[in-house]
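K.L.:
Take this structure, written in C-alpha cells, and hold onto it; I'll ask about it next.
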Amino acid sequence: MTLNFLIVLILIGGWLTGKLFTRMGLPSVLGMTLLGIALSYFYRSVFPEVIWEISPFFKSLALIVILLRAGLGISRATLKKVGLPAVLLSFIPCLSEGFFLMFLFHKIAGFELAVAGVAAFLLAAVSPAVVVPSMLDLKERGFGKKNDIPTMILAGASMDDVFAITIFTIFLGVAGGNDVSLLKSVAQIPLSIGGGVAVGLIVGFFLVWYFNRNHERIRATEKTLLLLGTAILLVQVGDWLHLAALLGVMTTGFILLEKSERAAHELAYNLNKAWVFAEILLFVLIGMSVDISVALDAGLKGLLIIFLGLIARSAGVLFSVLFAPVSWKERWFCVFSYLPKATVQAAMGSVPLAAGIAHGEEILAYAVMAIVFTAPLGLILIRQFGPQLLEVELPAEDSPEEGHDRREEDGTRR
C-alpha cells in the first residue's frame, strides 16, 4: 500500500464513516476511530513505514488546532467563574484513579510497585483529543452555558495530562533503575504547568502586538498560518524544556481573545474550517495506533482493572464538583466527560516496553484496551447524554443585552 493511497483512504474513508455514524445518531468521530481500528486490524502489515514517522506530527497538529480553538473561545470572565472546580478537576480525578490503579496492578496483576505506578499513570490520563472537541461542540450549541460546564471541563482536562505524564515519568525512572529524585520530580509538576503558561503568554502577547500593528496588511489566512507555525514551534520548545506545551497553546488563544478580539474571531473562523481536515486525521490515526490482537492479551482481568479505575476516577470527579453551584445532572455529565482515554495511551503505550521495563508488553496491552473500551464509551455518553444533562441556552432566549453583544460579535466576524 502506497502512502498516497493510505492518506486518501484516511481522509475520504474518515469523512464517509463520520457521515454514516452521524446518520445513525452516533458521534462522527467514533466512526473515524473505528475506521482506523479496522484499517489497523486488516492492513497493518502493509502500511508504509513512513506513516508511523509522520503520524505523531499529524496528531500533534490536530491537537494544536483544537486547543487553539478552545483558547480562542474562553474569556477571562468565564475562566474566573469556573475557577476552583476547574483546578480540582485538573488533578484529583487523575490522582484518585492513578493510585487506585497502582494498587490494583500490584495486587491483581502482580506488578512491582514502581512498575504498577508506570502502568497506572499511563492509563490515568484523560484524552484531550476526545474531550476538547466534544466540549467545544456543546459550547457552540449553547449547552451548559448557565454554569459554563464545558469550559470548566476544558480547563481541567487540559491540565489532567500534565499530572499523569509527570508521575508516569517518575515511576518510569524508578522502575528503570535510574537515580530519580522524588522531591525534584514532584516539583516538576507546578514548574511544567507554570512554564507552559508563561511561554504561552509570551507567544500570545507577541502575536497580539504583531496582529494589532499589521491588522489591515495581513489577511486572516496569513494570520492563521503564522499562529499555527508559532504554536508548532511552542510545542517543540515545550517538549525540549519539559513544559506543559499544549497548555501553553491554549493560553496563547486565550490571550489573543482578550487583547486582540477582532483577530481572534478571524482566527477562530479559519481554525473551525481547518478542524474538518484535522479531526479526520486525528481520530483515524488514533484508531490506527490500536492493535486489537495486543488488546486481547489483557483479557478480562485487564477489563476489570480498567473498569475499577474508572470508578475511582468518577469518585474523584464527583468530589471535585461536589461543592460547585451546579446540578446533579451536570455533575454526572462531568463524570462522563472524564472517562475517555486515547491520546496519551496511543502516544506512550509502547514507551515502557521500549525502555525495557518489566511487564512492558502487558502494559502496552492494557493501554490499547483502555483506548478500545473507554474512547467509544466516553464519546457515546458525552454526545448522547450531554444535551439531556446540560441546560441549553439558545440565541432566541438571550437577554436584550446578550443579543446585542452577539450581533456585534457576528458583525465583527463578518
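K.L.:
Using per-residue counts of other Cβ atoms within 10 Å, averaged over each peptide, order 154-167, 351-364 from highest down.
P.N.:
By packing density, highest mean first, the sequence is 154-167, 351-364.
K.L.:
Could you pull out every one of the lysines with an alpha carbon less than 25 Å from that of residue 273, ignoring same-chain neighbours closer than 8 positions?
P.N.:
Filter leaves 19, 59, 139, 145, 223, 259.
K.L.:
Follow-up question, since we're still on this one. Among residues other than residue 317 whose Cβ falls under 12 Å from its Cβ, what is the net charge (Lys/Arg +1, Asp/Glu -1)?
P.N.:
Neighbourhood net charge equals -1.
K.L.:
Toward the positive end of the charge dipole of segment 124-173, about the Cα centre and with charges on Cβ (Lys, Arg +1; Asp, Glu -1), which of 144, 163, 130 goes farthest?
P.N.:
Comparing the listed Cα positions along the dipole, 144 ranks first.
K.L.:
On to the next question. Under 14 Å from the Cβ of residue 212, count the other residues' Cβ atoms, weight Lys and Arg +1, Asp and Glu -1, and hand me the total.
P.N.:
It works out to a net charge of +1.
K.L.:
Another question, then. Rounded, prolate or oblate: which one fits segment 3-413, using the alpha carbon gyration tensor with axes a ≥ b ≥ c (rounded when a/c is under 1.5, else prolate when a/b beats b/c, else oblate)?
P.N.:
Judged from the Cα gyration tensor, segment 3-413 comes out rounded (a/c under 1.5).
K.L.:
In nanometres, what is the gap between the two model label sites at residue 103 and residue 49, each 7 Å from Cα along Cα-to-Cβ?
P.N.:
4.6 nm
K.L.:
Return the distance in nm (one decimal) between the two label points of a simple spin-label model at residue 81 and residue 212, each offset 7 Å from Cα along Cα→Cβ.
P.N.:
2.5 nm
K.L.:
Right, another one. In a shell of Cβ-Cβ distance under 14 Å around residue 307, excluding residue 307 itself, what net charge do Lys and Arg (+1) and Asp and Glu (-1) give?
P.N.:
Neighbour charge sum, excluding residue 307 itself: +2.
Taken together, the values in this text are just the output of simple stated rules run on the coordinates, not laboratory data. Computed from a prediction, not measured in an experiment: that's the story for all the values here. Because the Cβ atoms are built from the backbone with ideal geometry, glycine has one as well, and the counts that use them run over all protein chains shown.
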